[in-house]
Amino acid sequence: MATTERRVAVDPDVYTAPTTYPDGRPTKIPSPVPSVREVPEDLRGSDDVMQVNFGPNHPSTHGVLRLVVDLRGEEVLGMRAVIGYVHTGFEKNMEHKQWWKAITYPERIDYVAYQHNELVFVLAIEKLLGMEIPPKALWMRTLMCELNRIHSHLVWAGTSGLELGAVSMFWYAFRERDMILDLYELVSGYRMHTRYFQTGGLAEDIPVGFYDECRKFLEWMPKAVDDYESLLTANAIYLERTRGVGVISADDAVALGLSGPNLRASGVDWDLRKRDPYLAYDQVDFSVPVASDGDVWARFAVRLDEMRQSVRIAAQCLDRLEELQGEPWIADDRKVVLPPREELHTSMESLIHHFKIVTEGYRVPEGEVYVPIESPRGELACYLVSEGGPKPWRVKFRAPSFLATAAAPTMIEGTLVADLIAVVASLDGVMGEVDR
Amino acid sequence: MSYDGVPGLLETREAFGETTLVVETARLVEACEHLRDEHGFAFLADITPTDYLGWGTRGVAGYIGTADGRDLNAPGSQGLHKLPEPKPTRFSVNYHLLALRQGAPRVRVQVWVEDGEPVPSVVGVWPTADWHEREAWDMMGIRFDGHPNLVRILMDDDWEGHPLRKDYPLGGEPVRFSGEE
Amino acid sequence: MARSRPKKTRLADYGLNSERLLWPRSGAAAKGPGAFENELGPLEDKLMLTTVEKAVRWAQGSSIWPDTFGLACCAIEMMSIVSSRYDIARFGAEVFRSSPRQADLLIVSGRVSHKMAGPLRQIYDQMLEPKWVMAMGACASSAGMFNNYAVLQGVDKIVAVDIYVPGCPPRPEAVIEGIVRLQEKIKAGLPPAYEYREVAIT
C-alpha cells in the first residue's frame, strides 16, 4: 500500500519529480506480501508457467541470492527472493567481542563498501562516548569513504556491465579499482577491510607519499569515468536494455525503504551527506545527482555521476589534509585510545591504560543510539545498545541492500528474464549486507 | 516537534540527540499511522528487536572517559559500581522512522514485550516492514500479528531456535586461546 | 656403465616447491617425511609417473578452469585476479566457467554458512573428475573470525580441499601462488584430494 494519501504536504525540495507512475497507477507493490510477486490468478497451475530457480550459485546474482521465478516463456510472472545463504551471525559474534576488536566485523558485512561499515560502527561508539575527533581524522575519514564510494560504484559498474554482456566494462572498472586499492594499501597495509577507522580517529598516521599518489589518482579518475561513458552511455544496445526497465516510482521507493542511488533515480533528492551531514560533508562542495525516470538506466546514470562528485569531494579533502600534515590523527582520550608506544617506556599510567584497554577493553556508557550514514548503497545505519561495559549489548546494521532485494519483485512487473538480470544488477545489492 | 498527540504514547525520552517514543503495544499501528500521516514519517528505516535478558548482571563498573580526560575533582568517579537500570520487559522492538524533509527529523518508536507476546505488524503502514519483521521473528522469535508471510528468512527453514536471543549459545567450535570468557 | 638415478622418496624430488607442503624441509627435523607426505603414504604407488600420465598431468595442470563460486569478500578479490593486473589467464585459468560440469577447480571464496553448505556440496558433486578444490581465505579454510552458529567451520568438513590459501581476503598474488602450487602438485603427479582425504563420502 503506497503512502499516496498523504495528509502532510510533500516537500517539493525533496520530491523533484512526479511521485506516481506515468500511467497513473498509484502503486506496483504486490499484495498481500510486498516482497513476493505471485503468478496472476488465471495462470496459476497452468502448464505454460514454469518455476525456475536462479542461484544461489549463479554467475549473475551478485553473491548468493536465490531467486525463485515463475516464467511463462521468457516473461517473468512471479518472483520471490530467498536469502540467508551467507548469513554469518555478525551481530551475535560482535556481542562477544570488545569494542575495538569488534571493529573488524562490520567491515565484512558490506564487503565492497567496507569503510562505510567501519565508519558507521565507529561513529555510533563515538556518539555514545561523546567523543570529539581531531580534524585530520575527520577529513581523512571523509576521503577514505569517498574513495570507497568510487570503489563500490566501480565494482558495481564492472559486474553489472558484465552481467548485461558489456564485458569490457569489467576490465576498465577493475583497472581503476586496483588503483584505489593501492591507495588503501599505502595507507593501512590492507587492500580491503583496512580496519583503519578506530574509536577516536584513525589507527595510524597518513604515510608520506600518499598525497602525491592520491592526487595522481584523482587526476586520472575523471578521464576513466569518461571512458565508461564512452562505452555505455550512448550505446544503443545498453540503452535498449535499460531504458524503461524496472521502473519504480518515488512513492513506492519510499514505501519500500529504498535509499541511496535507488531512491535518487526515482526523483527523490535525498542524500544524507547533504540533508543530515556527518563527517566533513558540510564543509565540502559537491552536488547530488538525481534522475527522474526510476528505471535501470537512471540508476546507472546516478551512480556514474556520483563517481565524478566523489572525485570532487576527495580532491577537496586532500587539499585540506595537506594543510593538516603533522596534526594528531587520533583523539587524546587515554581511557579509550591506546597511548603512543614511546610513552609506554616512560609513563606508568600509560602502561596501565594500555594494559587495561587491550585486555579488558574500554567501557562505553549505557545507552542506545542509531547512527545513519550514506553508504554507496543507501542509508546504512548502526543501532547500538551499550550496557556500559567493554562489549556491545546489541548491534544491528540496517543494510540498504536488504530492502533493495525485497523491493525487486515490485520492479520486475512485465519484464523478461534478461530484464530481470538487469534490474537485480541495478539494485546494487551486496549479499553480505543482506544476510549479515 | 511535539509528539503529544501520538496514540498510546507512554513515555518520551531524549538521549544523545535522539527522541524515543515508548508506545503501548496494542496501539502500535495507530501510533505509526499517526506518525506517518500527521508528522510525515513516511520512511521506516529499521525495525530492531533487542533482548535484555541478563541486563545489568555483568557488573559494569569504573569511570567512563570523556574527551578531556579524568575529572580529578569529581569524587567517587573511579571504581564506582554503577549498574544500569533494569528494563520493563525482556524484549524491546524499536522502529526507526525518518521524515523526508528539511532537517531530516528522526524518531524511534519503542514497544516492550515479553517472551511469547505478539506485536501488531506494521506492514500495512509501511510495506518495507515485511522483511524487517521476518528477520525479527527469525532472529529473536518475536511474533508479529497480521504479517502475511512470517517465515524464516536468514536461517534454514527447519532451523530450531532463535539465534540472537541471549540464551542461545554463540556456537562454533571450541578453540584454544580464543579469549572468550 | 649404468647411470644411477638418485632415489626419489620426497615430494621435493618430484618438483614440488611449496613450503607448507614439504615442511620441515631443512634443519634437524628435515631428515624424514613431512606430515603431508606421511598422509600420502608410499609415493611411488600414489604418483602417476608413466610418460603418458605425466603428459596428461601436465596438460591438466596447465589449464585449470575455475568455477564461479564467489560467496563473500574473497569473491571480490577473486574478481581482481581475473582482471588485467593480476591476470590468471596467463597461468592457464583462461575462463571462469559458470557451470560446475565444465569446471576443474572450485575456488571456495568466502564464508560458507550452514544454509549454503548443501548447495556447495551439490556443486562439488556435479563437477567431473578430476576436480580440485581451493579453500580461499580464512573463512573457507577454517571459518576465520566467525566461530559461531551460522558459519561452517572450514569447508574441508564437506569437501576434500587440495590447497588452502590464508588471508582475509588473501592478496591476489597469494591466490595466484595458491594456483601455482596447485599446478605444481598436479604436475608432480599427486592425485586430487578426494583420493586420499575422506570427506563426507556417501
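The values are calculated or read from the model by the stated rules, or taken from the named source; none is laboratory data. If you're wondering where the values come from, they're calculated on a predicted model, not measured in any experiment. Virtual Cβ from ideal backbone geometry, glycine too; neighbours counted across all protein chains shown. Just so you know, the surface numbers come from the protein's heavy atoms only, side chains and all, with ligands and any DNA or RNA stripped out. Shrake-Rupley method; radii C 1.70, N 1.55, O 1.52, S 1.80 Å.
Odds and ends about this structure:
- Pairs are defined by a Cβ separation below 6 Å, a sequence spacing of at least 6 or placement on different chains, a first member in the stretch B:94-119 that is in contact (Cβ under 8 Å) with a residue 40 or more places away in the chain, and a second member that is among the charged types (D, E, K, R) and part of a strand (DSSP E or B); the pairs so defined are B:Asn94/B:Arg108; B:His96/B:Asp46; B:His96/B:Arg108; B:Leu98/B:Arg106.
- Residue match in the stretch B:38-50 (condition: within 10 Å of another protein chain (Cβ to nearest Cβ) and farther than 28 Å from A:Gly378 by Cα): no
- Counting only strands (runs of 3 or more DSSP E) that sit completely within the stretch A:42-92, those holding 3 or more residues that are open to solvent by 30 Å² or more (accessible area, probe 1.4 Å) and away from chain C (no Cβ under 14 Å) correspond to A:49-54.
- Filter result for the condition that a residue is at the interface with chain B (Cβ under 9 Å from one of its Cβ atoms) and without any contact (Cβ under 8 Å) to a residue 60 or more places away in the chain, over A:Asp23, A:Asp11: A:Asp11
- Residue check, B:Glu33 at pLDDT 90 or above, within 30 Å of A:Pro134 (Cα to Cα) and open to solvent by 50 Å² or more (accessible area, probe 1.4 Å): no
- Matching entry among B:Arg134, B:Arg143, B:Arg101, B:Arg90 (being touching a Gly at 6+ places or on another chain (Cβ under 9 Å) and modelled with pLDDT of 90 or more): B:Arg143
- Selection within the stretch A:326-357: residues that are within 14 Å of chain B (Cβ to nearest Cβ) and in contact with a strand residue (DSSP E or B) (Cβ under 8 Å, 6 or more places away or on another chain). The member of this set that is most open to solvent (accessible area, probe 1.4 Å) is A:Pro328.
- When C:Ala150 is tested against the conditions (1) over 14 Å from C:Leu105 (Cβ atoms); (2) open to solvent by 20 Å² or more (accessible area, probe 1.4 Å), the lone failure is (2).
- Verdict on B:Gly171 being modelled with pLDDT of 90 or more, within 11 Å of another protein chain (Cβ to nearest Cβ) and at positive phi: no
- Pairs are defined by a Cβ separation below 8 Å, a sequence spacing of at least 6 or placement on different chains, a first member in the stretch C:115-134 that is touching a residue at least 12 places away in the same chain (Cβ under 8 Å) and open to solvent by less than 20 Å² (accessible area, probe 1.4 Å), and a second member that is of a type in the set (D, E, K, R) and part of a loop (DSSP other than H, G, I, E, B); the pairs so defined are C:Tyr124/C:Lys131; C:Met127/C:Asp104; C:Lys131/C:Asp104; C:Trp132/C:Asp104; C:Trp132/C:Asp162; C:Val133/C:Asp162; C:Met134/C:Asp162.
- The set of residues in the stretch A:399-419 being within 28 Å of B:Asp138 (Cα to Cα) and more than 14 Å from chain B (Cβ to nearest Cβ) consists of A:Ile412 alone.
- Criterion (over 30 Å from A:Glu185 (Cβ atoms), β-branched (Val, Ile, Thr), touching a residue at least 40 places away in the same chain (Cβ under 8 Å) and surrounded by fewer than 22 Cβ atoms within 10 Å (Cβ to Cβ)) met by exactly one of C:Ile176, C:Ile158: C:Ile158
- Where B:Ala15 falls short, out of the listed (1) closer than 25 Å to A:Ala399 by Cβ; (2) surrounded by fewer than 21 Cβ atoms within 10 Å (Cβ to Cβ); (3) modelled with pLDDT of 90 or more: (3)
- Of everything listed in (1) more than 14 Å from chain C (Cβ to nearest Cβ); (2) within 20 Å of A:Thr104 (Cβ to Cβ), the single unmet condition for A:Ser188 is (1).
- The stretch C:132-150, residues that are within 30 Å of C:Arg57 (Cβ to Cβ) and touching a Leu at 6+ places or on another chain (Cβ under 7 Å): C:Trp132, C:Val133, C:Met134
- Cβ separations smaller than 9 Å between residues 6+ apart or across chains give the following pairs from the stretch A:215-229 residues that are in contact (Cβ under 8 Å) with a residue 24 or more places away in the chain to residues that are surrounded by 14 or more Cβ atoms within 10 Å (Cβ to Cβ) and among the aromatic types (Phe, Trp, Tyr): A:Ala224/A:Tyr172; A:Asp227/A:Tyr172; A:Tyr228/A:Tyr172.
- Some residue of the stretch A:197-214 being closer than 27 Å to A:Val423 by Cα and out of contact with any helix residue (DSSP H, G or I) (no Cβ under 9 Å at 6 or more places or on another chain): no
- Residue check, A:Arg141 facing chain C (nearest Cβ under 10 Å), among the basic types (Lys, Arg) and touching a Leu at 6+ places or on another chain (Cβ under 6 Å): no
- All of A:Leu123, A:Leu119 fail the test of being open to solvent by 10 Å² or more (accessible area, probe 1.4 Å), in contact with a Cys (Cβ under 9 Å, 6 or more places away or on another chain) and either outside any loop (DSSP other than H, G, I, E, B) or more than 14 Å from chain C (Cβ to nearest Cβ) (or both), apart from A:Leu123.
- Qualifying position, being at pLDDT 90 or above, among the charged types (D, E, K, R), open to solvent by less than 30 Å² (accessible area, probe 1.4 Å) and touching a Phe, Trp or Tyr at 6+ places or on another chain (Cβ under 6 Å), among A:Arg273, A:Arg264: A:Arg273
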